[in-house]
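The values are calculated or read from the model by the stated rules, or taken from the named source; none is laboratory data. Keep in mind it's a predicted model, so treat the numbers as computed, not measured. As a convention, Cβ positions derive from the backbone with ideal geometry for all residues, glycine included, and neighbour counts pool all protein chains shown.
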Amino acid sequence: RTAPGTVTVVTVDARNSTWRDFSRFQDAGKGTQVDGMSELKRYFSRFGYLPAAVSDFTDVFDDDFESAVVAFQTNLGLDVTGELNAETISAVMSPRCGVGDTPVDGAQPLRR
Amino acid sequence: YAYFPGRPRWDRAEPATLSYALSPQYTVGYLSQEDVRAVFRRSFARWSAVIPVSFVEAVEYRKADIRIGFYRGDHGDGQPFDGVLGVLAHAFSPEDGRVHFDAAETWALDFKREKAKVAIDLESVATHEIGHVLGLGHSSVREAVMYPRVNPRTRKVDLRIDDVEGVQALYGSNPNFRLSSLLESESENNGG
C-alpha cells in the first residue's frame, strides 16, 4: 500500500526504448571507440546515411561515420559540426517517419 | 524539398483522381473508424487544395490506389515497426500506394481527450505520409510537413511553402490555389 501523503512521480521518456540508449554516444568524437556504436551506425544506415551493404559496422567513429553525421545534420537543418553533440543526439532519438532521408535524386533542398 | 530517385509521380490524365481506402482489417480498436476516416479526408484535402489532383474514398480496399493500414512489428514489407515511438509510420513512393502506421503508437485525434505523454497526432503523420505517396521526400525545413521528425503531443498539419512548391513541381498548381494567401499565413505565423 502507498503510505498516505506519498507522491509517486512517473517519468515517461518520450523516446523509443532502443534509440534512448544512443544518449551515451553524446560527445563521442572522431577516432573514439565506444561499445555499441555499431548500433548507431545501423540507425544511420537505415535512414540512408551509410551504405546498407555494410552489415558488420565497427564501434569506431571513423571518417565515413563523420560524413554521415554531417549529412544528417545538413538534412535535418541542424548545426553542421560533424560531432555527436546534444542537438544531434536528440534529433536521432526523436520519433520519426520510417522513410529514409536521402532518397534524393539530384534534388537540392530549396532555400528561400 | 526533395523527391524519391527518378522523381516518380502518379501519372494520370487530368483531372487526376486517386482513390484511397482504410484497411478494414488492420486498424486500431480505440479509435472510431468514422473519426479516422475524417482525419484522412482532411489530410487528403490539404494536398488536393494545392495541386490538380482529387482524392475519393474507395468502396473496395483492394482496388484503391492508396491503401492505408495500422500494423505491428514485422508486417511483411521488409520494414518492421519497432514498438512505441521510434519509427511511427512509412509510405511508399508513387505509384505503389501503401501507407503503413505503427499500431503500437498511441495515436491521438484530440490531445484534450488523449492525455498520454507519448501520444502522436494522427492527422500530422497522415498529412506527412500522403506527401510521400505523392512523391515527396523529406524536407530539411523544420516547419515543413515533410520534415521527418515529429514530437509527441505536437500537431503540424498545415502545408508550408516548401511542401507546396515541392508537390506543385510534380503536379502543377490547383487553379484555385493562391500562393499569396499562403505567404500571408506564413508571414503571420512568423510574427510578420
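Considering only the range B:104-120, state which residues are assigned to a loop (DSSP other than H, G, I, E, B), of a type outside the set (A, V, I, L, M) and under 13 Å from B:Pro152 (Cβ atoms). Within the range B:104-120, B:Glu105, B:Phe111, B:Glu114, B:Lys115, B:Lys117 qualify.
Inside the range B:53-90, residues that are farther than 30 Å from A:Tyr43 by Cβ and not hydroxyl-bearing (Ser, Thr, Tyr) make up a count of 11.
Summed over the range B:27-85, residues that are among the aromatic types (Phe, Trp, Tyr) and closer than 25 Å to B:Gln168 by Cα total 4. No other residue among A:Gly48, A:Gly5 is in a loop (DSSP other than H, G, I, E, B) and at pLDDT 90 or above apart from A:Gly48. Selection of the range B:123-153 for residues being under 8 Å from the mean Cα position of the chain (by Cα), under 22 Å from B:Leu183 (Cα atoms) and either at the interface with another protein chain (Cβ under 8 Å from one of its Cβ atoms) or surrounded by fewer than 24 Cβ atoms within 10 Å (Cβ to Cβ) (or both) yields B:Ser124, B:His128.
Taken over the range A:15-46, the criterion of being closer than 24 Å to B:Lys117 by Cα, of a type outside the set (Lys, Arg) and surrounded by 14 or more Cβ atoms within 10 Å (Cβ to Cβ) is satisfied by A:Asn16, A:Thr18, A:Trp19, A:Asp21, A:Phe22, A:Ser23. The single condition among (1) charged (D, E, K, R); (2) assigned to a loop (DSSP other than H, G, I, E, B); (3) out of contact with any Pro (no Cβ under 6 Å at 6 or more places or on another chain) that B:Arg67 does not satisfy is (2). Taking the range B:22-43 as the range and being of a type in the set (Gly, Ala, Ser) and out of contact with any strand residue (DSSP E or B) (no Cβ under 6 Å at 6 or more places or on another chain) as the test, the residues that pass are B:Gly29, B:Ser32, B:Ala38, B:Ser43.
Considering every residue within the range B:70-84, establish whether at least one is modelled with pLDDT of 95 or more and either under 13 Å from the mean Cα position of the chain (by Cα) or part of a strand (DSSP E or B) (or both). Yes: the range B:70-84 contains one or more residues that are modelled with pLDDT of 95 or more and either under 13 Å from the mean Cα position of the chain (by Cα) or part of a strand (DSSP E or B) (or both).
The residue that is nearest to the other protein chains (Cβ to nearest Cβ), among those in the range A:61-70 that are farther than 14 Å from A:Arg42 by Cβ and surrounded by fewer than 19 Cβ atoms within 10 Å (Cβ to Cβ), is A:Val70. Among the conditions (1) at pLDDT 95 or above; (2) under 30 Å from B:Val133 (Cβ atoms); (3) away from chain B (no Cβ under 13 Å), the only one that A:Gln73 does not satisfy is (3).
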